[in-house]
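One structure below.
Quick note: the coordinates plus some simple rules give every number you see, no bench work behind them. Keep in mind that what you see is a predicted model, and the values were worked out from it rather than measured. Neighbour counts run over all protein chains shown; Cβ positions are idealised from the backbone, glycine included.
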Amino acid sequence: MKELFTYLPILLFLIIIYKLSNRELDRTLDITKASEEFLLKEKSKLEEQISVKSKKLKESRFQRMNELSRAAEFGRLNQGLFHDLMTPLSSIILHTEKLEKIPREDIEMINITLRKTADASQKMAQYIENIKTLIKDEQIKKECILYKEIKDIIGILGYRIRNEKVNINLNIPETYTLFEDQIKIRQVFLNIISNALDSYDGIDDNMNRRIDIKANLNNNKINVFIEDNGCGIKKENLDKIFEPFFSTKNNNRGIGIGLTTVKKIIEDDFSGKISVSSRENVGTSIRLELPYTIYRS
């Protein structure tokens with residue numbers, strides 16, 4: 001009994017220490033749990049911030065690449081633009097000079113000359129308007145007739161097409177329309193058709209050089225096919241053609257960001273698809289799947 005009274009205080013002390021330890025341990029666990037929850041929240045915020053910054057960085061990078069692509073393509077067009085602007089301008093000057101020599105009583109000849117002058121002026125104004133569309137940066141969606149947009153791009157590339165002796169076959173119904181950014185639509189087809197023209201670099205002039213552009217409608221999607229019979233793309237390069245700055249062309253033919261830009265516009269901006277098939281020394285076919293909007297006349 002005496003021994004019990006001797007060890008009882010020690011036992012009570014140990015029990016108190018145990019309870020205090022458990023209370024401190026529970027408190028520590030609560031603090032740890034709260035700290036973990038706080039760290040998880042901070043981690044989530046940090047990941048979200050990194051994601052937002054990464055997205056902004058990618059967007060900024062693409063915007064810069066897009067500007068470079070447009071500047072490079074416009075630089076390549078300069079010679080042809082000057083030549084095609086001089087043609088209607090020369091016609092205007094010629095007919096204006098002719099007007100001075102026509103007798104005032106010859107009303108019919110005056111009207112014919114004035115009409116030719118007006119036609120040349122209208123052609124020049126339309127050409128300048130098409131160029132302005134390429135270089136401005138409005139980012140406004142509107143209803144665009146696909147046939148007209150491609151036709152205008154073919155007109156802008158007219159000098160190259162004639163100079164490189166390429167036949168363009170355009171077979172697209174005029175009822176196919178897109179509700180998208182007109183500038184981006186034109187940028188897509190300017191790049192693709194320019195690439196098709198580049199495919200004839202170094203190929204015999206006497207061959208039947210052609211670019212076929214056609215479209216059909218399937219499941220409310222416009223499928224556009226742009227095909228050439230140029231040099232084609234090597235099999236080992238097909239998977240690389242959409243990579244930034246990858247190019248198989250000579251240095252004066254591009255900097256390798258055109259198709260990167262095209263893919264970004266088609267997939268991200270238009271929610272469409274793009275695919276390429278090609279055989280070296282046979283030709284290349286590009287297929288675009290674009291959203292269709294009903295034409296309203």
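Contact order for the stretch 142-297, expressed relative to its length and based on alpha carbon pairs under 8 Å spaced 6+ residues apart, stands at 26 percent. Using 0.36 nm per residue and subtracting the Cα-Cα separation, the extra length available between N220 and T293 on full extension is 25.5 nm. The string of couplings for the stretch 184-191 from the Karplus curve (6.51, -1.76, 1.60, θ = phi - 60°) is 6, 4, 5, 5, 4, 6, 4, 5 Hz, one whole number per residue in order, with x for Gly and Pro. Residue separation of V282 and K235 scaled by 0.36 nm, minus their Cα-Cα distance, works out to 15.7 nm of gained length.
Are any of the pairs K221/K264; K151/K214; K141/K165; K240/K273 more than 24 Å apart by Cα-Cα distance, and if so, which? In this structure, K141/K165 exceed 24 Å between Cα atoms.
For the stretch 156-235, state which GluC sites (Glu not before Pro) are in a DSSP loop and have at most 11 other beta carbons lying within 10 Å of their beta carbon. Sites meeting the loop and neighbour criteria: E174.
Ordering R104, R210, R160 by the number of other Cβ atoms within 10 Å of each residue's own Cβ, fewest first, gives R104, R210, R160.
Computed from point charges on the beta carbon alone (+1 for Lys and Arg, -1 for Asp and Glu), the dipole magnitude for the stretch 142-297 about its Cα centre is near 140 Debye. What the Cβ-Cβ distance of D269 and D204 gives, at R0 = 41 Å and to the nearest 0.05, is a FRET efficiency of 0.60. When each of M109, M124, M207 is scored by the number of other beta-carbon atoms lying within 10 Å, the sequence from fewest to most is M207, M109, M124.
The modelled label-to-label distance between K141 and R162, using points 7 Å beyond Cα along the C-beta direction, is 3.9 nm.
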